[in-house]
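To start, the structure under review is shown below, and the notes come after it.
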Amino acid sequence: MRAWLFAGQGAQRVGMGQELFDRFPEYVAAADRVLGESVRDLCLDDPDGRLNRTRWTQPALYVVNALACAQALAEGPAPDVLAGHSLGEYNALLAAGCFDFETGLRIVCRRGELMGEADGGAMLAVLGLSPDAVRALLDRSGATDVDLANLNTATQVVVSGPAESVKALRAAVRAAPGARCVPLATSGAFHSRHMLPAQERFAAFLDTVGFRPPRIPVFANVTGRPYPADGVADLLARQIAAPVRWHETLRELIRRGVTEADEFGPRPMLRQMWESVRAEADTVPQPQPQPQPQPSQRVPVPQPQREQPVPVPVPVRREAPVVAPGPETVRDPAAARLGSAEFRQDHGVRYAYLAGSMFRGVSSVELVARLGRAGLRGYFGAGGLDLDTVDKALAELARTPGLDGRYGVNVLHDLTRPGAEDALTDLLLRHGVRHVEAAAFTTVTPALVRFRFTGAHRTPDGTPVAVRTLVAKCSRPEVAAHFMAPPAEELLRRLVARGALTAAEADAARGLPVAQDICVEGDSAGHTDGGVSLALVPTTAALAARLTARHGYVRRLRVGACGGLGTPEAVAAAFVLGADFVVTGSVNQCSPQAGTSDAVKDLLAALDVQDTAYAPAGDLFELGSRVQVVRKGTLFAARANKLYQLYRGHSGLDDLDEATRTWLERDCLRAPLDQAWKQTCAHYRDTGRGHEIERAERDPKHRMALLFKSYFARTNRAAQDGDPAERANYQVHCGPAAGAFNRCVAGTALEPWRERHVERIAELLMTGAARVLDERLAAFTEPGPHPATHP
């Protein structure tokens, strides 16, 4: 019998994988997407010296071991049994088919992150003493807080504990006859009781990952025995704080009849241990007769999935579930099959579901972080916020454990702030943000292209790869077409000329769309132009199929649906229309995590489907763009619409009659016109838009527009702050999805808004949509009268 043994942390070296990367470009591209940077550069050059930092060591070593394993499987039969030392156990489980390559890498990234956060610990290799002798030495030395971490051979043991305790132990080891010790370069007390907090957090991550039973026996570090069919998550969680029983594992392999072992790792570490245990002939019982296994069959490691371009949109996309990297992964396999598997892979989410942004931080840090920890993604509502506020929010998200970069940021187009998009893009790139939602754009801008293609490159076979995602919200097919195309050549040349993109990044951009994902907005609280999803989603999906073929993209363009998604039935309908993913908005505003006032949430929780109305959009007031807002309990919609009528019908404030001026001062501006104008001027100058005031001094109609728009800014703040004196003026962007959701959860645990946590909303909508589709399909396939027909 033959065993394959995979080395763990400590086997890494600069230059590892050099002979493998070119052979497996799809693995490399997949790893680049997960890591957000080039795994080739990390392993071959290590320019920043991160290869020996646990957070980066573990995913890099996992990738190289996986490539070596893939090469071996391509050249010969699979082994009879598998084992891996600590981190190497993940490669053993990968080879056994317990998960696919990307899922394993995401799990290892999370493990490396948690173990990398451990500090104040140390590890010491003790050579020449048996485990019992080391335990006795710990007792004599009073090192009660030091544990045996790795039981490698009969005379090689690694201990782990607080740094000071381990340091004090060195003298005792050196004084023991025939013993010596070697400090290990770690910052944490790995595989000891001191890792229990990390174990608990890792267990929360693993509990919901969908593991498959091993197709080949894999020996567990924790027990020294094969994994049971349903025990992968439990044993991997325990491994972080439990000793690695490697000596026992090797003895058991020999006892079961293993005579040959191949080592996988950048440098030899396990071969000598294997030979040492084999030499223990007098202590290892002779192997008992074992049932002869069936001849090994080649078991290829699953390749990263690639969806092929399709000529027409396919209704109800249901594909194989992809395990996401968050602490909560797939709970409902049927819901995990809705939409595009490639979308879930690219975005690292467990469902083809996003929570869209909401203005001025209503999509708050707390909301986005909670979704990220649940294996989902939300977009922080940066629109309307100053850069300092966004900077602090991004810093907080980066510090939040368990996100692994699983959050995005909204970029809202603002015609009045030239240069604002560039400044925000600088900030996003500085913070390493990888996911952006673009809204209110009518064309592609340089800032969006710069964000999307920073870090883009081509793999050795020439395939273009972008490491950042851009979801473009559109309500018109002609706008969507701009985002579905590669960036204009002249735009790329300008960006390269000013150093905003490298020549290599621009070259990769020529083979990629500006946005791989187009979100069709219809009947939402955003800028929809009154669009209807029933017409827009199929039309845009067909356009995406045509442009995928026209531009020769390797991966097809994807189309999502946004707006009106307040019930499982609505979400199911979106997938039937051909949506690859769905984006929710209004329903998340009535959650404990939303960054708005309790007064607004009380208002939203009482809405019905008819309780919204269209009103002018404050940011695009002059253009007549409209958004949906709450009508019930507030006069904002009526007053905002009257302001727009006044703007359309008059050339300036001097044209208004006395009664209108009185209404304007009393009900809208809450101040005399002159005072309100001074406040407006101060605001525009404070926000770097003095040019707007200069224009207003020359153009009375523009002055009227700026003054009227101050009402929109004030009413938005009043609602977020919950100012009771301004309740009649609350501006709350919201579509009918909120009322539909209220009806859906009436009489359930989610009826009170304080119970509507954002991940519970997502779970209800997605699992409910899967159930609805299954029930409808069953009803339509049952014999007898068609359920949709009438007698």
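The values are calculated or read from the model by the stated rules, or taken from the named source; none is laboratory data. What you are looking at is a predicted structure, and each value in this text was computed from that prediction instead of being measured. Note: ideal-geometry Cβ built from the backbone for every residue, glycine included; neighbour counts use all protein chains shown. Remember, those area values only see protein heavy atoms, side chains included, never the ligands or the DNA or RNA. Shrake-Rupley method; radii C 1.70, N 1.55, O 1.52, S 1.80 Å.
Observations on the model:
- FRET efficiency, 1/(1 + (r/R0)^6) with R0 30 Å, evaluated for ARG494 and TYR614 via beta carbons: 0.20
- With contacts taken as Cα pairs under 8 Å at a separation of at least 6 residues, segment 635-786 carries a relative contact order of 21 percent.
- Modelled FRET efficiency - R0 56 Å, ARG50 with ASP139, Cβ distances, 0.05 increments: 0.90
- Pairwise label distance in nanometres, ASP207 with GLU164, each label 7 Å out on the Cα-Cβ vector: 3.5
- FRET efficiency estimate (nearest 0.05) - Cβ-Cβ, ARG695 to ALA503, R0 45 angstrom: 0.70
- For GluC sites (Glu not before Pro), the sites in segment 186-289 that DSSP calls loop and that have at most 15 other Cβ atoms within 10 Å are GLU280.
- Model label zone, GLU751; criterion: amide N under 19 Å from point 7 Å along Cα-to-beta-carbon; scope segment 604-635: 604-609
- Residues whose amide H falls under 5 Å from that of VAL627, counting only those 5 or more places apart or on a different chain, are ALA615, ALA617, with hydrogens built in the peptide plane.
- For segment 159-268: rounded, prolate or oblate by the Cα gyration tensor [a/c cutoff 1.5]: oblate
- Segment 233-277: C-alpha gyration tensor shape, a/c 1.5 cut-off, then a/b vs b/c: oblate
- Length added when fully stretched, LEU127-ARG510, from 0.36 nm per residue minus Cα-Cα: 132.2 nm
- Restricting attention to the chain, the count of lysine pairs at 8 or more positions apart or across chains with alpha carbons under 27 Å apart stands at 15.
- Bridge type composition, the chain - antiparallel percent by DSSP, nearest 5: 40
- Under the combined filter of DSSP loop state and at most 16 neighbouring Cβ atoms within 10 Å, segment 660-748 retains none of its GluC sites (Glu not before Pro).
- Share of carbon and sulfur in the accessible area of the chain stands at 52%, probe radius 1.4 Å.
- Remark: relative contact order (the chain) = 11 percent; criterion is Cα-Cα distance under 8 angstrom and separation of 6 or more residues.
- In order along segment 750-765, the Karplus-derived 3J(HN,Hα) couplings, from 6.51 cos²θ - 1.76 cosθ + 1.60 at θ = phi - 60°, round to 9, 4, x, 5, 5, 9, 8, 5, 4, 6, 6, 4, 4, 4, 4, 5 Hz, and Gly and Pro are given as x.
- Per residue, in Å², the accessible surface of the chain once ligands and nucleic acids are set aside, probe 1.4 Å: 39
- Rounded, prolate or oblate (a/c below 1.5 giving rounded, otherwise prolate when a/b exceeds b/c) for segment 76-167 by Cα gyration tensor: oblate
- Expected 222 nm ellipticity per residue - DSSP helices of 4 or more, -39500 (n - 2.57), all of the chain, to 500: -13000 deg cm²/dmol
- The distance between label points at HIS431 and ASP657 comes to 5.0 nm (points 7 Å beyond Cα on the Cα→Cβ vector).
- For semi-axes √(5λ) of the Cα gyration tensor in Å, calculated from these coordinates, the label among (1) 43, 38, 23; (2) 94, 43, 25; (3) 55, 29, 25: (3)
- In this label model, ALA74 and GLU117 are separated by 3.7 nm, measuring between points 7 Å along each Cα→Cβ vector.
- Phi-based couplings in Hz for segment 355-364 (Karplus 6.51, -1.76, 1.60; Gly and Pro marked x): 9, x, 6, 9, 3, 6, x, 4, 7, 8
- Placed amide H near VAL409: partners under 5 Å, 5+ positions off or other chain: PHE380, HIS435, VAL436, GLU437
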